[in-house]
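Each reported figure results from applying straightforward, stated rules to the coordinates on display, with no laboratory input. Source: prediction; values computed, not measured. Quick reminder, even Gly has a Cβ in these numbers, built from the backbone with ideal geometry, and neighbours come from all protein chains shown.
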Amino acid sequence: MKIKYILYALLCCILLNACSKELDVESPNDLSISIDPSLIKDGVVNLKVGDTAKFLMSGNAENITFYSGEVGRNYAYADRKLALGATQLAFTSNATNGTQTNTLQVLATTNLAKLDSTGVVGASWTDITSRAVLSTGAGAKASGTIDLSDLVKNATDSLVIAFKYTGVTGSAQRTWAITALTVNNVLTDGTIIPQLTLATDATYWSRYRIGTSVNWAVPSTTQLQVVGGGATAPSNTSWIVSRPLFIGRVNPDPATVVKHLGSEIPKYTIAGNTYSGYNYVYTKAGTYTATLIAFNITSGDRKEIVKQFTIKVQ
């Protein structure tokens, strides 16, 4: 009976060991990736705009992905999570009703401790009103591009934008409408990463008023609006404040899937010739680093090969 239990225990140990062992992953070294050698001069693949870059493949790999090297498809940024370029604000304003002046301030801060009335009123704001072109009552005015790079200095900074309205008793108070509002992170390679638009952030604005009933209206997907009181209305101050914007947060550049587990390498037929590989057309002149990654993967391991080509498109 003891022998029976011993054998049973040994069997359990063998099974547990087998289950816990990671599956071996083979490197996809048998996959060959090449390009027509007649196009290569001094290590550079030369193409014309609109030409098809034919990446020829033989052998196999479970997965193959591709980065063209163009803006937004760059292998160098495959794992990038933070990147800070120029922080740019733009909007259109329209002032109507009355002639009061200096009733709208545009403010910004990277140091808002708390998003409540006390925190907002007591925060250290930078007045950026003078950087914008504002409506004077003769119709809507585009602000122009307002550079806030001097305020957002680190990729981890959070930026808050506010519009502060002040109406004074004694004459008809202004009504303001803010439209076409955007905040973008413009990277050095030309990538524009939207951080704020009215269409996407309508529900994330916070409104505060001081002492009176005049306040900014509930934001819509098209405008921010505050309606001032009449000549006998008391003086009033009200704020509308954006959510914190983490300007430097970016998504990694995505790859194009050429082949996934269970699929075949694509086949193309041109002029009666059939080949396996991947085709890509470059539509703009420039020099690009095209990257193909072949990899095999399990839940516990990954092995890959990376093949790169310098592509000059004229």
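Putting +1 on Lys and Arg Cβ atoms and -1 on Asp and Glu Cβ atoms, find which of Trp239, Ala140, Val45 reaches farthest to the positive end of the dipole of the chain.
Towards the positive end, the residue furthest out is Trp239.
What 222 nm value per residue comes from the helices of the chain, counting each DSSP H run with n ≥ 4 as -39,500 (n - 2.57) and dividing by all residues, nearest 500 deg cm²/dmol?
-2500 deg cm²/dmol
When Lys and Arg each count +1 and Asp and Glu each count -1, what net charge do the other residues less than 14 Å away from Tyr275, Cβ to Cβ, add up to?
Cβ neighbours under 14 Å give a net charge of 0.
Note down the net charge around Thr310, summing +1 for each Lys or Arg and -1 for each Asp or Glu among other residues with Cβ under 13 Å from its Cβ.
+2
Distance check, please: which entries in Lys48/Lys307; Lys81/Lys307; Lys153/Lys259 exceed 32 angstrom between their Cα atoms?
Check vs 32 Å cut-off fails for Lys153/Lys259.
Projected onto the charge dipole of the range 86-246 (+1 at Lys/Arg Cβ, -1 at Asp/Glu Cβ, origin at the Cα centre), which of Ala113, Gln173, Thr96 gives the Cα projection farthest towards the positive end?
Gln173
Between beta-carbons, use under 15 Å as the cut-off and find the net charge around Thr110, counting Lys and Arg +1, Asp and Glu -1.
0
Would you mind checking the tilt of helix 2-20 against the longest principal axis of the Cα atoms of the chain, expressed as 0 to 90 degrees and rounded to 10?
Taking the Cα atoms of the chain, the angle to 2-20 is about 60 degrees.
Can you sort Thr129, Thr156 so the residue with the fewest Cβ neighbours within 10 Å comes first?
Least crowded to most crowded, the residues run Thr156, Thr129.
Just want to confirm a number: the relative contact order over the range 86-246, from Cα pairs under 8 angstrom separated by 6+ residues, in percent.
29 percent
In nanometres, what is the gap between the two model label sites at Asn251 and Asn273, each 7 Å from Cα along Cα-to-Cβ?
3.8 nm
What number, in percent, do you get for the relative contact order of the chain if the mean sequence gap of Cα pairs under 8 Å and at least 6 apart is divided by its residue count?
Over the chain, the number comes to 29 percent.
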